[in-house]
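**Student:** First, the structure itself, so that you have it in front of you.
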Amino acid sequence: MRLTPPTKITFWVSVVVGALGFLGMIGVVGALTAWAGWMLFAAWLLLILGLLLKGL
């Protein structure tokens, strides 16, 4: 299995979603507290899919 680097947009979307999830997890953004764990998981999953699928 060959890994390919994710596109820039995929990388930055995962960084933004992960940062919002982290801020929600520590309570800085109160509106995201309930979704923080799922946002971190989604950011991680998007980054992994960007590595595994060519062109994503």
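The values are calculated or read from the model by the stated rules, or taken from the named source; none is laboratory data. Remember, it's a predicted structure, so these values are computed and weren't measured experimentally. Cβ atoms come from the backbone with ideal geometry, glycine included; neighbour counts cover every protein chain shown.
**Student:** Mind checking whether some residue in the range 22-37 is of a type outside the set (A, V, I, L, M, F, W, C), over 14 Å from the mean Cα position of the chain (by Cα) and either in a helix (DSSP H, G or I) or modelled with pLDDT of 95 or more (or both)?
**Tutor:** yes
**Student:** Right, here's the next one. Looking only at the range 1-10, count how many residues are surrounded by 14 or more Cβ atoms within 10 Å (Cβ to Cβ) and either of a type in the set (S, T, Y) or modelled with pLDDT of 95 or more (or both).
**Tutor:** So the count comes out to 1.
**Student:** Please verify whether L40 is hydrophobic (A, V, I, L, M, F, W, C) and at pLDDT 95 or above, treating the condition exactly as stated.
**Tutor:** Yes.
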